[in-house]
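Notes to accompany the following structure.
The values are calculated or read from the model by the stated rules, or taken from the named source; none is laboratory data. All values derive from a computational prediction rather than experimental measurement. Heads up, the Cβs are rebuilt from the backbone with ideal geometry, glycines too, and the neighbour counts pull from every protein chain shown.
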Amino acid sequence: MEFENAVHAAIETLKPRQQLILKLRYGFGDSVHTLQQVADQLGITRERVRQIQNKAKENLAARPRASGFEPLPARQGNPKETDAQVVDVSVLR
């Protein structure tokens, strides 16, 4: 439960639109929504949703200590993958 509270606290540090998109995309308190579903709900394109989602994840990764998280180690096997891309969303539901 402590981890879940830390995740919610970290998301609350984001801009309102970023918060909403992450909550919809990763199913916080609801089901997971597709890019198209979020785009339709907000009246923007799927590409714009993807851009905002990626920026929100970058913002979270840029301040891991402030949100109570330690940075995750990069996955072995794919050196192009960044820590921001390594997310276990199962704990967010």
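Are there any pairs with C-beta distances below 8 angstrom linking a residue in segment 3-16 that is among the aliphatic types (A, V, I, L, M) to a residue that is exposed (fewer than 13 other Cβ atoms within 10 Å of the Cβ), with the two at least 6 apart or on different chains, and if so which?
Listed by first residue and then by second, the contacts come to Val7/Val91.
Would you point out the residue of segment 25-68, among those that are at pLDDT below 90 and touching a Lys or Arg at 6+ places or on another chain (Cβ under 9 Å), that is farthest from Ile11 (Cα to Cα)?
Within segment 25-68, the match that is farthest from Ile11 (Cα to Cα) is Asp30.
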